[in-house]
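Here is the structure we will look at, set down as structure tokens.
The values are calculated or read from the model by the stated rules, or taken from the named source; none is laboratory data. Since we're looking at a predicted model, the values are computed, not measured. For neighbour counting, all protein chains shown are included, and Cβ atoms are generated from backbone atoms with ideal geometry for every residue, glycine included. SASA here: full protein model, heavy atoms, side chains in, ligands and nucleic acids out. Shrake-Rupley method; radii C 1.70, N 1.55, O 1.52, S 1.80 Å.
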Amino acid sequence: RDIFDVPKNFKLEDARYDVNTRFPLKHMVVAEVDVDLIPSPYPKDHRVQQMMEAIQQGIKLPPISLEQYPDKLTIADGNTRLAALRELGIKGKVPAVIRLYGDNSPLPKGVIIDEKRTESLRRLGKGE
């Protein structure tokens, strides 16, 4: 069951995060990331419970937003979604928009760049 909404013609606003970002689009990629690669010590609280219920009801979620630094991936937006997925026992890959910082370090194994959506993001930008 596909629980994420990731259009083929992907724009920054499709991530529903930081649409007014000034971060250069050429340093952003759309990818599939293994859930186990994303650190998230987020505790289960009422927001996680609400997100779990939304997932179980079939609500489509936006991709998770990550930041890639030379030594790690961090969550910029999506802690609640990730915690809910983990609580529900959902494993595998999730869609993510990744901001690339640093020295062009390679992405960790388990991250698969979606070349078509990345190209669309860079071409369509904010969709304005």
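What to note about this one:
- Near pairs, Cβ below 8 angstrom, 6+ apart or cross-chain, from the stretch 89-100 (of a type in the set (Gly, Ala, Ser)) to any residue that is open to solvent by 50 Å² or more (accessible area, probe 1.4 Å): 96/32
- Identification of strands (runs of 3 or more DSSP E) wholly contained in the stretch 27-121 with 2 or more residues that are open to solvent by 40 Å² or more (accessible area, probe 1.4 Å) and farther than 13 Å from residue 3 by Cβ yields 28-34, 72-77, 111-113.
- Which numbered condition residue 13 misses (of (1) at pLDDT below 85; (2) open to solvent by less than 60 Å² (accessible area, probe 1.4 Å); (3) not in a loop (DSSP other than H, G, I, E, B)): (2)
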